[in-house]
2 protein chains.
Amino acid sequence: MRGPLVAGISVPRIEGMAKIRGEERYASDITGPGILWAVARRAGTPSGILRSLGGEPASMDGVVAFCKADSIGGENLLGILEPDQPVLVPLGGRIRYCGDPVAVVVADTKERAEAAARALTVEIDPLPAVFDPLEALSPEAPVLYPGREGGNLLASGWVRRGDVKSVLEDCDLVEEDVFRFPMQEHAYLETESGVALYDGDNLEMEVSTQNPWRDRDELSRALGLPRDRIRVKAPCLGGGFGGKDGVVIQGLLGVAAMACSGRTVKMVFSREESFLCSPKRHSSVTEMTLGCSSDGTIRAIRCRFTLDSGAYASMSVPVLTNGLDHCCGGYRFEAVDLEGRAVYTNNPFGGAFRAFGAPQVMGALEQLVDRLAKRLEADPLEFRKKNGLVRGDMNGSGVVLTSTVGAVPCLDRALEQEIWRSREEWRNSAPEGKARSTGVALICHGQGFGPGIPDFANARIELTGEGRFRLYSGIPDMGQGNGSTYVHLAGESLCQERDRFDLVQPDTDRSLRSGPAAASRTTYIYGRALLSAVDELKRRMYVKAGMVLGAREDDLALLPGRVRCFSSGRELPLEVLAGFMEPPERCFVAGSLAPVSFPGPETDYGPKSSGFPHCIFSWAVHVARVEVDLLTGQVSVPRYLAVTEAGRVVNPQMYRQQIEGGVAQGLGYALFEDFSVKNGEVTSKDLSTYIVPTSMDLPEVECLAVELDEPSGPKGLKGLGELPLIGPLPAVANGLAHICGPLTVSPFTAERVFFSLSGGARDEDSV
Amino acid sequence: MRGPLVAGISVPRIEGMAKIRGEERYASDITGPGILWAVARRAGTPSGILRSLGGEPASMDGVVAFCKADSIGGENLLGILEPDQPVLVPLGGRIRYCGDPVAVVVADTKERAEAAARALTVEIDPLPAVFDPLEALSPEAPVLYPGREGGNLLASGWVRRGDVKSVLEDCDLVEEDVFRFPMQEHAYLETESGVALYDGDNLEMEVSTQNPWRDRDELSRALGLPRDRIRVKAPCLGGGFGGKDGVVIQGLLGVAAMACSGRTVKMVFSREESFLCSPKRHSSVTEMTLGCSSDGTIRAIRCRFTLDSGAYASMSVPVLTNGLDHCCGGYRFEAVDLEGRAVYTNNPFGGAFRAFGAPQVMGALEQLVDRLAKRLEADPLEFRKKNGLVRGDMNGSGVVLTSTVGAVPCLDRALEQEIWRSREEWRNSAPEGKARSTGVALICHGQGFGPGIPDFANARIELTGEGRFRLYSGIPDMGQGNGSTYVHLAGESLCQERDRFDLVQPDTDRSLRSGPAAASRTTYIYGRALLSAVDELKRRMYVKAGMVLGAREDDLALLPGRVRCFSSGRELPLEVLAGFMEPPERCFVAGSLAPVSFPGPETDYGPKSSGFPHCIFSWAVHVARVEVDLLTGQVSVPRYLAVTEAGRVVNPQMYRQQIEGGVAQGLGYALFEDFSVKNGEVTSKDLSTYIVPTSMDLPEVECLAVELDEPSGPKGLKGLGELPLIGPLPAVANGLAHICGPLTVSPFTAERVFFSLSGGARDEDSV
């Protein structure tokens, strides 16, 4: 396509053709002659003391190394906020879940490494275990970290404003319920994988990761290697969704490489290992009470939710605080009383997962909101609009919103749409044996980290000697297309065509630290930094071009492949301009720090937790048409609308893809995905029993953008990565509620819906 | 509606309810006890010398004043660029068209004034007249301005680049034709009207005008009153479209008021008088040749067009140059040879009309483009896309486009639409006796004045003592809603709700000179100035609020009705803040000057003409479904799509209204409106014979916005006022061409289409 890149016009992904052709090299694709394979041995039991490791794998055919904890030179602990997870459990050390790694074997083929790991004999003295987070809080429960202050209560937080008790008593209508949502598995196409080479001094790793810089920090601490002797590169990821936001495979891979100095070691988790060992979306129990007056004004909320953190802290604390921050959704409240808890158990550990605690609370909130609307006989969108936040309002966390707020505009847009206007026709058109309904949800999601965790990025852009632009991405691309969007943003600003850009994927040696691909921050924060760096580069280019063309700088314009002087019409090709510039004046870096909230004195946050509360949110209204087979309880969602406000749209195609992907993952969470753990053992071992929806199971998602211009965002955009996942569960639940009554336990499988249709047990343990 | 104004979200017009309730006071609504009425007497003959005026109207019942040219103290000449038009023709002076005014009578009622004007005896010695602009150029033709250099050739201009002759000879395909388009009448709801009061020193006028400041200049010169003793106010207009961009009624009204010192005089043109005396869209003859290569690359254009200026220059010169600037539409050319001429005749005069010469050339160009595509058997949108301009290309006028260029994005969007994809089905679905087809056009229109005419605006905004905002508009609102958009822009920037604003309509004593409501500049240029003034005011408000709250200025945010300190949560209501500010620190003004093009050396512009060429354009692709009754030739347009790129959309509702209005006026131009003048006499005297389409004659217009972000525009917007009018004629013509062959004379009435269907005469004088 001719012409410079322009925000608002779709551009194919810069790596799109390479991916289609199978040429894009993911971490799991890296291979070469003499490459070694590493395989971990796991505990296989949820609680105990590692007594012995035997079996002499080093003597087996092709085995090159056998690594135990005692070969690790550093602290042997992983964990960003709470370093509680050993890379390898040492002899005499505690086993806290089935997936704890006890050894790594390296061999010349994958099969030999697997055989050797299998052949290991592992002796574990069992200890009592606890699998239910509420039980884990009882004084009698076995404690995972003896001597730890707080016992199994990993963290808790609260938000209080006003007198919820008396306001609720004063409310004309009150709805309350307890909601149970299960663990969710990321189920990325590419399991955890990477290669590493240790040359005796330096460790170099290329790994499927959402944050190579933090990996480097963690590896340095855990393995005892100085940070400047570690290099981590992040190629394109085959999916991440939070599951690669933290060290899962990297520590094992580092241990293996350091045991095989001079040789490249590769490691790829099997699907089973990935299911067992990667962090999960926390299973949750959410108790919520919501009250409103008879005129339809929502007044008070009480919420207590408990997250099952499993064996390790991982990202549980920020997931908890983000959950707190989203309990009140898009509404104004007179009084709030929110409490969240994260609890250690002997289950697989919970961690980062797209939307970070928001689905667990908003899935409850949006169902109660709908119940209030129904009791008031109000249009559920109009009811939400009456209570919807606008800029200048205080949200549930006590933050007065000063950035763009799309709640009401999204509701207005949804109200106009055919899918909503025709909901009666849809309901009445159900054939014999089916029932039809339409459900809605108003959702929002915070942007970036919030106060306490510096949310910054550092961009680097270079005009090459050949007059091309090289863009050093600081944040991995897990498939969401942020690399392409960086090129898009720079291309518009520099008025260049896409083909003039080369994109360097994140690499701790070449690009600059910019934090994780997470928290809906990726495009926002790196984009801000990048546009600053681009501005610096442009200024320098104009200075130099002005010297060459004998023109004032404000008489110059960048055009595709050249700089033009307006008044003389003379032009300077970029390759010629670059020839007049020395390397240091062709490369610019710039940083950006995200704005954070400064909440006023109206709210009591309890123990301060980092990353809380947010000041910038993206917004959406989701509308789902549902159909239920009254004989079987089978649910289908034949049509789905997502009206989204996430600032300006830079690349409509990728904007739509983010929404489609989020809705797909959210519909999986709502309808299909039931990550099953029994007594600490994962019983959904792979994709044959853990059902992720395919394109055939999903409707076409209609995407409408409400484009408010977020002044703090690059080209006015806000983050969109997590938001769309939140909507499907409550939208579908609200649709189903018209047919089979409230559904408080997900996923909404045919069995659950069938029992609910037959007025069946609300005690969900029976299904 | 709650919440601050936000760009991108529709907001009802600020004056909307007042208009719906009939409370909005237009100039023609102003009345009061003792008000006098003025009526002009017109020549009634197209060419001659005014010999005498008799009949003693002063003695008639109720007559207060009888004004002739000799009562005028100034130069008695109107005309912005070429002052050639007398306010009143003096005795012995030349009559150049039927509408020339010779006297004004003022009486205590309208009826008495009319009767007295009618009773006047006017003697005119006839002179030879000329009504055809091509004949007017012959040496034998009567000359309207004897002794004038150039004779009847009012102005001409050309653009040349490359060797058109040899490139055309080298082209594989060449299309050429001659196109004749008639005059068009603005036909605003509110005819020219106003009131004026002269107190012996000062003249105050409230008049339906597009430019009160230029009116003041013209009145000062023509009537001999110093500028600072004239005040002109512009209330909401009941339509303008260019017809009120210049003095038409103001001079007569001023003469009348100055003859009746101390009393308010009112004047309202009848529809007949408005048809006779207001400027028209110039009738035109456009000869055009277009060549392309067999691979579909358009290479060269030759164009010569002639505009009938009628009796006076009015805006003919900028209309001519704007026509030149639009001859090449949205395409790249190797070689261009363009020439435009404006010629005096004894017809009613041509002047400003929405799109200023562009319809006369693009209506020809887009038909020839379609013919080339058809001969190549190419998709007409793909053919245009192949040749469409992108940023960095040089356009036909030799300007390298450095701002947003929506041509290709609009074509891409149109290609995706159902109306286009289903064109075969539409064609094949024609019932017996009908034929169906789909036509397209790619159009563009320049933004503002271009070099040579300073295009500036000056905005003024005030925080009142009550904590409200008063916005002093500098550019009249003729119904397009710019006043509301000014409030919208300021409201977003100040984060305030609509109801906190008061809008002062343009008034030479209160607001600041900002040029006409014309040239698609109104929102763009005043919006730029306004946002600068708002920034100044905000800065001052933060300084003061910081002093009061004891806070740093970057710790403050404007919120609806208040300023908030982030870190302390303290808030200051605007009325309290205003109390801390003295009047001079609550009112800010700022100016803005539009960017202009600096074309390179590749092009020869011939005699320099002002306002040419443009550097910023808005773009659109129009798609029209047409249906022809094969028995009668009757054309209908049942469906119409306008894909428009005019930068960012601030108020979607008004954006759509501008497009709907422009398409309606353009369909009138294409199909209905045939302003008929025979020997200088207007024979379409009113709306009974001059057929303006009603809503029943028009399709619903589908409006799609392609929102590129124009960096020079306020909130990224560009002008949109004129663009949509250009598309309907060529889009409909291209649709009809598939059915009845080329149509080169408009409007495409049933008769013309019928004759064309029957292979009839191309000589259009016969129909």
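Over the stretch B:244-320, what relative contact order in percent results from Cα pairs under 8 Å that are six or more residues apart? Could you put the intermediate results ahead of the total?
Values: 54 pairs, mean separation 16.7, N = 77.
About 22 percent, as a whole number.
Output, in nm with one decimal and in ascending order, the distances from the A:ASP70 label point to the matching label points of the other copies (7 Å from Cα along Cα-to-Cβ).
The answer, with the shortest distance listed first, is 12.7 nm.
For the stretch B:56-125, with equal point scatterers placed on the C-alpha atoms only and solvent neglected, what are the log10 I(q)/I(0) values from the Debye formula at q = 0.22 1/Å, to two decimals?
-0.98
Where both partners of a DSSP beta bridge lie in the stretch B:292-350, what percent of those bridges are antiparallel, to the nearest 5?
In the stretch B:292-350, approximately 10 percent of DSSP beta bridges are antiparallel ones.
Listing B:THR345, B:THR683, B:THR402 from the residue with the fewest other Cβ atoms within 10 Å to the one with the most, what is the order?
The order, fewest Cβ neighbours first, is B:THR683, B:THR402, B:THR345.
Kindly give Rg over Rh for the stretch A:321-466, based on alpha-carbon atoms, with the Kirkwood expression for the hydrodynamic radius.
1.09
In peptide A:558-569, how many Cβ atoms from other protein chains are near each Cβ within 10 Å, on average?
4
Please give the Cα centre distance for the stretch A:476-513 versus the stretch A:406-441, rounded to the nearest Å.
40 Å
Distance in whole Å from the A-onto-B rotation axis to the closest C-beta of chain A, together with the residue it belongs to, please.
A:GLU707, 3
List, shortest first and in nm to one decimal, how far the label point of A:GLY569 (7 Å from Cα along Cα→Cβ) is from its counterparts in the other copies.
6.6
If the viscosity is 0.692 mPa s and the temperature 37 °C, what translational diffusion coefficient in µm²/s does Stokes-Einstein give for chain B when Rh comes from Kirkwood over Cα pairs?
121 µm²/s
Compute the orientation-averaged projected area for the stretch B:655-767 from the convex hull of its Cα atoms and round it to one decimal in nm².
On the way: hull surface 38.7 nm².
Mean orientational projected area (the stretch B:655-767, Cα hull): 9.7 nm².
What list of ³J(HN,Hα) couplings, whole Hz, do you get for the stretch B:446-461 from phi and the Karplus terms 6.51, -1.76, 1.60, once you set θ to phi - 60° and write x for glycine and proline?
Residue by residue, the stretch B:446-461 yields x, 9, x, 8, x, x, x, 10, x, 10, 10, 9, 9, 9, 9, 9 Hz.
With +1 on the Cβ of every Lys and Arg and -1 on the Cβ of every Asp and Glu, and nothing else charged, how large is the dipole of the protein assembly as shown about its Cα centre, in debye rounded to the nearest 20?
So the magnitude is around 1600 debye.
In the P(r) worked out for the stretch B:182-228, what percent of Cα pairs fall beyond 15 Å?
Everything past 15 Å amounts to 54 percent.
Relative contact order for the stretch A:42-175: what percent, with Cα pairs under 8 Å and sequence separation of 6 or more?
So the answer I get is 30 percent.
Would you work out which of B:TYR198, B:PRO86, B:VAL64 lies farthest towards the positive end of the dipole of chain B? Charges go on Cβ: Lys and Arg +1, Asp and Glu -1.
The one lying farthest along the dipole's positive direction is B:TYR198.
How big is the convex hull of the Cα atoms of the protein assembly as shown, per residue, in Å³?
197 Å³
List the residues, sorted by chain then number, that are 5 or more residues from B:ARG639 or on another chain and whose placed amide H is less than 5 Å from its amide H.
Result for B:ARG639 returns B:ARG625.
Taking beta carbons within 10 Å but only from partner chains, what does the mean come to for residues A:1-14?
Rounded to a whole number, the mean comes out at 5.
Which value does Rg/Rh take for the stretch B:81-222 over its C-alpha atoms, Rh per Kirkwood?
1.09
Quick one: which residues, 5+ away or cross-chain, put their amide H under 5 Å from the amide H of A:TYR312? H built at 1.01 Å from N.
Distant-sequence amide H within range of A:TYR312: A:PHE349, A:GLY350.
Could you go through the stretch B:621-626 in sequence order and give the Karplus-derived ³J(HN,Hα) for each residue, using 6.51 cos²θ - 1.76 cosθ + 1.60 with θ = phi - 60°, rounded to whole Hz, and x for Gly and Pro?
10, 10, 10, 10, 8, 10
Find every distance from the label point of A:SER676 to the corresponding label point in the other copies (7 Å from Cα along Cα→Cβ) and write them in nm, one decimal, shortest first.
8.5
Can you give me the long-range amide H partners of A:THR464? Hydrogens built in the peptide plane at 1.01 Å from N, cutoff under 5 Å, separation of 5 or more residues or another chain.
Under 5 Å from the amide H of A:THR464 lie the amide H atoms of A:PHE469, A:ARG470, each far enough along the sequence or on another chain.
Whole-Hz Karplus ³J(HN,Hα) for the stretch A:399-406, in order, using 6.51 cos²θ - 1.76 cosθ + 1.60 and θ = phi - 60°, x for Gly and Pro?
8, 7, 6, 10, 9, 4, 10, x
Where does each of B:181-187, A:741-747 land if you order them by average Cβ count within 10 Å, highest first?
Per-residue Cβ counts within 10 Å, averaged per peptide and sorted highest first, yield B:181-187, A:741-747.
No value in this document is a laboratory result; all are computed from the given coordinates. The shown structure was predicted, so the numbers you read here are calculated from the model rather than taken from an experiment. Because the Cβ atoms are built from the backbone with ideal geometry, glycine has one as well, and the counts that use them run over all protein chains shown.
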